[in-house]
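What follows is a short report on a single structure.
The values are calculated or read from the model by the stated rules, or taken from the named source; none is laboratory data. The shown structure was predicted, so the numbers you read here are calculated from the model rather than taken from an experiment. Using ideal geometry, Cβ is built from the backbone for each residue, glycine included, and neighbour counts are taken over all protein chains shown. Surface areas here come from the heavy atoms of the whole protein model, side chains and all, with no ligands, DNA or RNA. Shrake-Rupley method; radii C 1.70, N 1.55, O 1.52, S 1.80 Å.
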Amino acid sequence: MNRRRFLNQSASVLALAALPLPIRAVAHNRSLNFTPIRRGVGIFEGRGGTIGWLIRDDALVVVDSQFPESAGVCLNGLAERSSRSIDLLINSHHHGDHTAGNPVLGADANHILAHANVPVLQRRSAESRGNMDQQKFADVTYEETWEQTIGDEVVRLQYLGPAHTGGDSIIHFQNADVVHMGDLVFNHRHAYIDLAAGSETLNWMSVLQRTYLDHTDDTVFIFGHANPVNGVLGTRDDLLIKRDYLGALRDAVANGIRDGKTADEIAADGLQGFDGHKIDGSSSGIAGNLKTVYEEVTRTVE
Ligand SMILES: [Zn+2]
């Protein structure tokens, strides 16, 4: 049985009693949408990309802000758990389901941190959508790595080049050994490949491979989105599954082009071996990914 189902089912006392002890402990500690992982790091699930948090006596750090309404719910939950204001709000990347709550969580934060490309991409997106007045931007940015000791935790951000967007951070809470991957992993499901914001699927695969090698089997990973069956927490093995999914997309497109197929024909053929990536059994997301990779590959060739 997968972890998410464990947690949902364990809401009932009867189901809880039947679970192994370590899982019971996790389920008992879960309240509303807050799920502790370890050493003060956990997640908040509302609407949009998964929020990560670090709550220690002398540190309050939040990763991503979802949308204003769920950010407000998150902020209230944080206030129940800590008397501190937020030392640092981190944006894993610029997409609206990770930054639209910045005006809410950011109002309580000393700083907002993101990769240097994030405010640029966020501003461009907001201007095209006509919602500049609803934005709050990072006031601290970095280019390659950023590291700071906050309380008794060391927080390290790394940028490994264009992947899901042109500004994805890998955020490592080093002492807890928990990594927030933002949308670099859509866990066991089709991805959002945002070519307009600089997405590059080949480097994305490299980013996942390198991050796998940078960590261990004990590292806990937080993912921005997931197939509900698998959930937003996982291990480094899930990074390789995402890498292989992206590789399969690229192979299917390359083979289709070799065989003279159109983007629509390649999309209709689908992918072999990734049935578990269909959400509610629908293959439309995978078909959409194939069309986007076709666009990416043919655009590169031109
Ligand atoms: Zn995203």
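Being within 24 Å of Tyr212 (Cβ to Cβ), within 18 Å of the chain's Cα centre (by Cα), open to solvent by 70 Å² or more (accessible area, probe 1.4 Å) and not basic (Lys, Arg) is the requirement here; does Asp251 meet it?
Values: within 24 Å of Tyr212 (Cβ to Cβ): yes; within 18 Å of the chain's Cα centre (by Cα): no; open to solvent by 70 Å² or more (accessible area, probe 1.4 Å): yes; not basic (Lys, Arg): yes.
The answer is no for Asp251.
Considering only the stretch 91-100, I want to know if a residue exists there that is more than 13 Å from the ligand (Cβ to nearest atom) and free of Cβ contacts under 8 Å to residues at least 40 places away in the same chain. Outline the logic, then answer.
As a first pass, look at the stretch 91-100 and keep what is more than 13 Å from the ligand (Cβ to nearest atom): none.
Within the stretch 91-100 (the criterion being more than 13 Å from the ligand (Cβ to nearest atom) and free of Cβ contacts under 8 Å to residues at least 40 places away in the same chain), the answer is no, since none of the residues qualifies.
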Of the residues in the stretch 202-225, how many are surrounded by fewer than 23 Cβ atoms within 10 Å (Cβ to Cβ) and within 14 Å of the ligand (Cβ to nearest atom)? 1
Quick check: is even one residue across the stretch 164-185 open to solvent by 30 Å² or more (accessible area, probe 1.4 Å), within 12 Å of the ligand (Cβ to nearest atom), over 27 Å from Ser82 (Cβ atoms) and not acidic (Asp, Glu)? no
From the set of residues in the stretch 73-84 that are in a helix (DSSP H, G or I) and open to solvent by 20 Å² or more (accessible area, probe 1.4 Å), which is nearest to Arg47 (Cα to Cα)? Val73
Return the residues of the stretch 101-120 that are without any contact (Cβ under 8 Å) to a residue 60 or more places away in the chain, within 16 Å of the ligand (Cβ to nearest atom) and open to solvent by 10 Å² or more (accessible area, probe 1.4 Å); say none if nothing qualifies. Pro119, Val120
Go through the stretch 242-294 and report how many residues are more than 24 Å from Ala226 (Cα to Cα), not in a loop (DSSP other than H, G, I, E, B) and not hydrophobic (A, V, I, L, M, F, W, C). 5
Within the stretch 60-69, restricting to residues that are more than 16 Å from the ligand (Cβ to nearest atom) and closer than 28 Å to Gly130 by Cα, the one that is least open to solvent (accessible area, probe 1.4 Å) is Val62
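Name the residue, out of His111, His98, that is at pLDDT 95 or above and more than 22 Å from Asn175 (Cβ to Cβ).
Of the residues listed, the single one that is at pLDDT 95 or above and more than 22 Å from Asn175 (Cβ to Cβ) is His98.
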Selection from the stretch 36-59 of residues that are under 14 Å from Ala176 (Cβ atoms), in contact (Cβ under 8 Å) with a residue 60 or more places away in the chain and either within 16 Å of the ligand (Cβ to nearest atom) or open to solvent by less than 10 Å² (accessible area, probe 1.4 Å) (or both): Val41, Ile43, Gly52, Leu54, Ala59
Where Val232 falls short, out of the listed (1) under 19 Å from the mean Cα position of the chain (by Cα); (2) loosely packed, with under 15 Cβ neighbours inside 10 Å: (2)
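Residue under question is Asp87, and the condition is that it be away from the ligand (no atom under 16 Å from the Cβ) and open to solvent by less than 50 Å² (accessible area, probe 1.4 Å); does it hold?
Details: away from the ligand (no atom under 16 Å from the Cβ): yes; open to solvent by less than 50 Å² (accessible area, probe 1.4 Å): yes.
For Asp87, the condition - away from the ligand (no atom under 16 Å from the Cβ) and open to solvent by less than 50 Å² (accessible area, probe 1.4 Å) - is met.
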Suppose we filter Glu147, Glu127 for residues that are in a helix (DSSP H, G or I), out of contact with any helix residue (DSSP H, G or I) (no Cβ under 9 Å at 6 or more places or on another chain) and over 23 Å from Phe186 (Cα atoms); which single one remains? Glu127
